[in-house]
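None of the figures in this text is laboratory data; all of them are computed from the coordinates on show. Keep in mind the model is a prediction, meaning the values are calculated, not measured. Here the Cβ positions follow ideal geometry from the backbone for every residue, glycine too, while neighbour counts run over all protein chains shown.
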Amino acid sequence: MRQHVNPLSQFFQLPLSLPSKNVLFRNPHYPIHLDIGSAKGEFLIELATKCPEWNFVGLEIREPLVSLSEKKRKKLELKNLKFLFCNVNVSLEEWLSGLDYGQLKRVSIQFPDPWFKRKHFKRRVLNKNLINSIAKSMSNDGEIFIQSDILKLIEYMTDTIDKNIYFNRKNIGDFRFIDKNPYNVNTDRELFSLKKNLPIYRSMYIRNGLSFIN
Ligand SMILES: C[S@@+](CC[C@H](N)C(=O)[O-])C[C@H]1O[C@@H](n2cnc3c(N)ncnc32)[C@H](O)[C@@H]1O
């Protein structure tokens, strides 16, 4: 399976109309946790099993990984979880506009692809527009959780969210990072990093009460 796709290529720039929450979930009005870059889906499968009163959506740009995750989800008959294929930088905003007011409560972006070369920074999934799309739909007190084992990347991510007026960093003061994954469920890449004893940098942001201005 190819490791990376170029999200800026013509194919991945085509907007997809994602199915509405009403057809995705058994209880379409439950609060939503969105995981961006859900890869093989293990993180959300475990969380959805533990938290039946939440709905979970995993968004992933590599279609074979979505098929694999969906296969596992179906086998477990989880009706509060769905994996969808899309480029979040192109197709997320429209889908979010179909949610109930305040329904989006959690977004996680965990170990995103680093795209180390400066000329490739624009391929990074977390950017100003994505954070604004999330801010537009998220309820007050909703949260964005980010983590990575690459210091330069998490610095770029925290800088991007720090500049956004709609989010406040939870771990303020001297503590730029938090120690623990707040969900007590690890992603694949997190498990790999823990096993290798790599440092893991984590941050949490909370949606403040400012009304979104277009
Ligand atoms: C390094 S993996 C991390 C996977 C998982 N979150 C973890 O922690 O194990 C990053 C994932 O984000 C996906 N991804 C990258 N850009 C994306 C985009 N624009 N839209 C959706 N998914 C994307 C990649 O295909 C990849 O599966």
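Nothing charged except the Cβ atoms of Lys and Arg (+1) and of Asp and Glu (-1): what's the magnitude of the dipole of region 29-207 about its Cα centre? Round to the nearest 20 debye.
Numbers: 31 positive and 22 negative charges, 105 e Å.
The dipole of region 29-207 has a size of about 500 debye.
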*residue 127 to residue 113: extension gain in nm, 0.36 nm per residue of separation minus the Cα-Cα distance?*
3.8 nm
*Taking a cut-off of 17 Å between Cα atoms, list the aspartates and glutamates near residue 50, but don't count ones fewer than 8 places away on the same chain.*
35, 42, 77
*For the cross-link pairs 21/122; 79/152; 21/196; 75/163; 75/128; 82/136, which exceed 32 Å when the distance is taken from alpha carbon to alpha carbon?*
79/152; 21/196; 75/163; 75/128
_Computed [θ] at 222 nm, helices only, for the chain once each DSSP H run of length n ≥ 4 contributes -39500 (n - 2.57)_ = -8500 deg cm²/dmol
*Which of these, 90, 23, 107, has the largest mean-square fluctuation under a Gaussian network model of the chain (Cα springs below 10 Å)?*
23
*Relative to a virtual label point 7 Å from the Cα of residue 9 in the Cα→beta-carbon direction, which members of region 36-62 show backbone nitrogen distances below 16 Å?*
61-62
*asked:* Along the charge dipole of the chain, pointing to its positive end and built from +1/-1 on Cβ of Lys, Arg, Asp and Glu, which listed residue (16, 96, 178) has its Cα farthest out?
replied: 16
*If you build a Gaussian network model of the chain, linking Cα atoms that sit under 10 Å apart, which residue out of 139, 203, 97 swings the most?*
97
*asked:* Between residue 22 and residue 46, what is the label-point separation in nm under the 7 Å Cα-to-beta-carbon projection?
replied: 3.6 nm
*residue 176 versus residue 141, label points 7 Å from Cα toward the beta carbon: distance in nm?*
3.0 nm
*If R0 is 35 Å, what FRET efficiency do you get for residue 101 and residue 163 from their C-beta distance, rounded to 0.05?*
0.85
*Gaussian network model of the chain, springs between alpha carbon atoms under 10 Å - residue of 134, 45, 150 with greatest fluctuation*: 150
